[in-house]
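The structure under discussion appears below in the form of structure tokens.
The values are calculated or read from the model by the stated rules, or taken from the named source; none is laboratory data. Just so we're clear, the structure is a prediction, and the values are computed from it rather than from any experiment. Note: ideal-geometry Cβ built from the backbone for every residue, glycine included; neighbour counts use all protein chains shown.
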Amino acid sequence: MIDGLLPILLLGVGANGLPYRVPIHPNLVHLTLGLFIVAIAFDIVAALYPLEKPIFKFLAIPTTSSNLYDVGWFNMVAAAIITFFTVAAGFYEILLADPPLDKVSPWGLGAMETMLWHGVGGVLLLGLIVAMTVWRGFQRYAWRQDRARQVQWTYLLAGLGIFALMFLHGTLGAHLGADFGVHVSADRLIRAGINPNTHLNILFMN
């Protein structure tokens, strides 16, 4: 099945090994990270609001804990939705990857192993973000609807734990680009014996 798909997927592949100039997955990754981090950060600020209220008042920032919780909730929902597209784009771009097999990453992994772990990590993080969103929804609309603190401390700790997993997962992705040159135009052209300065200038002029 994959062999049958490859001719279709490879149509119009450019210097970066993709049918479009800018890889989609890395950009969506940063959107996922930003939304999730903002969601947890605002929930932490909201949970500590009684301590911070004098600071907000001194700085003349008109906010309430409910406003902060709203930001946390809607960003978490957005992170869950975007991450489906992030993972889908990642698997599509991995399918088109042609990394060098004679190199190892700073972690001692080959290109195929790095892609495998990065793919597995992406699915794991997708599941965790969706689970966090469901957990957050139950707290917002059922378990803690009438409480001043809308989120549980365990939820916030879980979010911080996911931050650590995101760092490890993101490092694997960075290895794919920086060490193996996956979908990096200049790296692929150099391996093919082509001068990237000349070739890329021609491409972008057209």
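Please work out if Glu52 is within 19 Å of Pro26 (Cα to Cα), surrounded by 14 or more Cβ atoms within 10 Å (Cβ to Cβ) and of a type in the set (D, E, K, R).
On the way: within 19 Å of Pro26 (Cα to Cα): no; surrounded by 14 or more Cβ atoms within 10 Å (Cβ to Cβ): yes; of a type in the set (D, E, K, R): yes.
No: the conditions fail for Glu52.
Where the second residue is assigned to a loop (DSSP other than H, G, I, E, B) and modelled with pLDDT of 90 or more and the first is over 12 Å from Leu176 (Cα atoms) and among the aromatic types (Phe, Trp, Tyr) and lies in the stretch 87-112, which pairs have Cβ atoms under 9 Å and are six or more apart or on separate chains?
Tyr92/Ile24
Yes or no, residue by residue, for (1) part of a loop (DSSP other than H, G, I, E, B); (2) among the β-branched types (Val, Ile, Thr); (3) at pLDDT 75 or above; (4) surrounded by fewer than 17 Cβ atoms within 10 Å (Cβ to Cβ):
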{"residue": "Asp3", "(1), (2), (3), (4)": "no, no, no, yes"}
{"residue": "Leu28", "(1), (2), (3), (4)": "no, no, yes, no"}
{"residue": "Leu31", "(1), (2), (3), (4)": "no, no, yes, yes"}
{"residue": "Gly34", "(1), (2), (3), (4)": "no, no, yes, yes"}
{"residue": "Tyr69", "(1), (2), (3), (4)": "no, no, yes, no"}
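Only one of these conditions is not met by Pro19: (1) surrounded by fewer than 17 Cβ atoms within 10 Å (Cβ to Cβ); (2) of a type outside the set (A, V, I, L, M, F, W, C); (3) assigned to a helix (DSSP H, G or I); (4) under 22 Å from the mean Cα position of the chain (by Cα). Which number is it?
(3)
In this structure, is Ala79 assigned to a helix (DSSP H, G or I), surrounded by 15 or more Cβ atoms within 10 Å (Cβ to Cβ), out of contact with any Leu (no Cβ under 9 Å at 6 or more places or on another chain) and of a type in the set (Gly, Ala, Ser)?
So Ala79 fails the test.
Do any helices (runs of 4 or more DSSP H) lying entirely in the stretch 138-206 carry at least 3 residues that are modelled with pLDDT of 80 or more, under 28 Å from the mean Cα position of the chain (by Cα) and surrounded by 18 or more Cβ atoms within 10 Å (Cβ to Cβ), and which ones are they? So that I can check it myself, show each step before the final result.
Details: elements: 153-178, 185-191, 196-205.
Per the criteria, 153-178.
Looking only at the stretch 113-143, count every residue that is over 15 Å from Asn75 (Cβ atoms) and in contact (Cβ under 8 Å) with a residue 40 or more places away in the chain and tell me the total.
9
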